[in-house]
Each structure stands twice: as C-alpha cells, then as structure tokens.
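Data first, discussion second: the structure below is written as structure tokens.
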Amino acid sequence: MALLVLDEVSKLSSGGRGGPRQRPALRDVSFELDASEFVAVWGLPRSGRSTLLHVAGGVMPPSAGVVRFDGRDLAATPALGRPAGIALVNTCFRRVIGDSVLEHVAAPFMGRGMPVLPAQSKALQLLRRVDAVACAELDANDLDHAEAIRVGIARALATSPRLLLLDEPTIGVPPARDRDDVLALLRSISRRDRVAILMTVGEAADLAGVDRALTIDDGTLRGPLRPEPARVIELRPEQSGSTA
C-alpha cells in the first residue's frame, strides 16, 4: 500500500485582487508515493506546486477528491506534525521559546512534555544529522539560506515523520557545493532514515538524483504518477543432470 495517495484531487484558489472569482490550482490530480521514496515536482510560479504540497500534507483541504496518508483520509485523521506522520519543512523561526537554533529545534520535544536538557540533547543529535551542529548557539534569524534549510529539516525531523514535505528547499542557496549538499542530505534522509520525501523545485537541475521527477503546469501533474512496480525475477528450478 502506498504511503501517500491523492485520488482525483482538485483545489480551487482565490483569484486574488480581482474579487471572489476562483481558479483551479489543482486539476484532478491522482498520485501515489511509497514509503522512503524521494520524489520531486518541477513547476513555474503559480503552477500549483505549493498548493500540491499543502494539500498533500493536510495544510489545506482539497475542493474535490481524497488525500490518504497510510490508508487514512487526512480530512478525518490529520497527520501533519504528529509523531510518525507528516512534517512540512519551513524556515520561519518565531521567537516563542528562545532565539537560538538549539532552542528552536528542541521546541517540538518540549512541546510533548520532555524536560529542557533531554530535549536539547535530542536537538543536538538532529543538528549533527543535518550537519548544522555549528549553528546550535546562533540566533535562528541570522542564518544564511543553506543553514536555515538544514535547521528547518532538523526541526521537522523531531517528530520522526514518515513523510517530509519541502517547498523549493534550495531557493536562495548558492549554486554548486552548498546546493548539491542540501540535495545530497535529502537523498540520505530518504535512504538512510527511511523517510519519504516530496519536494517542489523551481530549477530542473534540482531533479537530479530523485527516484521520480514530475512536472506541474496550470494545476495538472504530469509524469510517472505511481511508483514503478518492483521487478519480479522468476527463479528457474535447477536442471537435473543430463541423462545418457
């Protein structure tokens, strides 16, 4: 069974300044994502790429169709921010608990009742996982783009999600090494930590190394919409020795 399923999902969005007129942001999208799979969706601004992520994560409900996570309708059983559920990576760091990166990454643990010191110890482990432990004592709002996305990923991993959603994770990250390192980190999380990843990208170069690459335009998702079935290799019985 697929981990995430969008079944004929459509979403109407506001027409903006023009008044109450609505336009389709997603058009009859059917899509499946397997556990531990790494999928990227390329699209231009206003193509529906961010809406796709928000609907897939349960941030906003579909106008039509059904979104299922682990077999359950997200409308009835929300999974966003829940342990072993869905995590949406963001790099907005509000000054609620403290200013430092360590305090922000520890916040989800403390929100579940964990004492401060164990929560900070867990946060340090996650910062090491994303190669951002050097940022622990920095003010979260002083991070550069590459540091901010790593810290955002660390904070999202605090709920041990099975699905990680990212909207253009490399935007603002300098090209070459920093950009490639962020994408390599995501591949590692998918493979090593067994976390499914669905991300949007604005540049085709960021599709390299993913398990499936899709495109979206005017709310229509195109490409291999379902995981490729695993190849079945038929085992032939051993031939008995030849007879004279």
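The values are calculated or read from the model by the stated rules, or taken from the named source; none is laboratory data. Keep in mind that what you see is a predicted model, and the values were worked out from it rather than measured. As a convention, Cβ positions derive from the backbone with ideal geometry for all residues, glycine included, and neighbour counts pool all protein chains shown.
Looking across the range 180-209, the residues that are out of contact with any Leu (no Cβ under 7 Å at 6 or more places or on another chain), acidic (D, E) and outside any loop (DSSP other than H, G, I, E, B) come down to D180, D181. The set of residues in the range 162-179 that are closer than 13 Å to A148 by Cα, out of contact with any Lys or Arg (no Cβ under 9 Å at 6 or more places or on another chain) and part of a loop (DSSP other than H, G, I, E, B) comprises P169, I171, G172, P174. Every condition in (1) among the polar types (S, T, N, Q); (2) touching a helix residue (DSSP H, G or I) at 6+ places or on another chain (Cβ under 7 Å); (3) at pLDDT 95 or above holds for T77 except the one numbered (2).
The single residue among A132, A140, A158, A119 that is surrounded by 15 or more Cβ atoms within 10 Å (Cβ to Cβ) and without any contact (Cβ under 8 Å) to a residue 24 or more places away in the chain turns out to be A119.
No other residue among R68, R72 is over 30 Å from D142 (Cα atoms) and buried (at least 16 other Cβ atoms within 10 Å of the Cβ) apart from R68. Applying the criterion of being among the hydroxyl-bearing types (S, T, Y), closer than 27 Å to D193 by Cα and buried (at least 16 other Cβ atoms within 10 Å of the Cβ) to the residues of the range 29-63, the residue that is farthest from the chain's Cα centre (by Cα) is T51. Here D99 fulfils each of the conditions (1) in contact (Cβ under 8 Å) with a residue 40 or more places away in the chain; (2) crowded, with 19+ Cβ neighbours inside 10 Å apart from (2).
Scanning the range 84-110 for residues that are within 15 Å of the chain's Cα centre (by Cα) and not small (G, A, S) yields a count of 5. Among the residues of the range 1-58, those identified as at pLDDT below 95 and among the basic types (K, R) are R17, R21, R23, R46. If you filter the range 166-178 down to residues that are within 17 Å of the chain's Cα centre (by Cα), closer than 16 Å to V130 by Cβ and not β-branched (V, I, T), you find that the one that is modelled with the lowest pLDDT is P169.
Per-residue answers, yes or no, for (1) at pLDDT 95 or above; (2) under 24 Å from A2 (Cα atoms); (3) charged (D, E, K, R):
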position: A107; (1), (2), (3): no, no, no
position: Q120; (1), (2), (3): yes, no, no
position: L127; (1), (2), (3): yes, no, no
position: D139; (1), (2), (3): no, no, yes
position: A156; (1), (2), (3): yes, yes, no
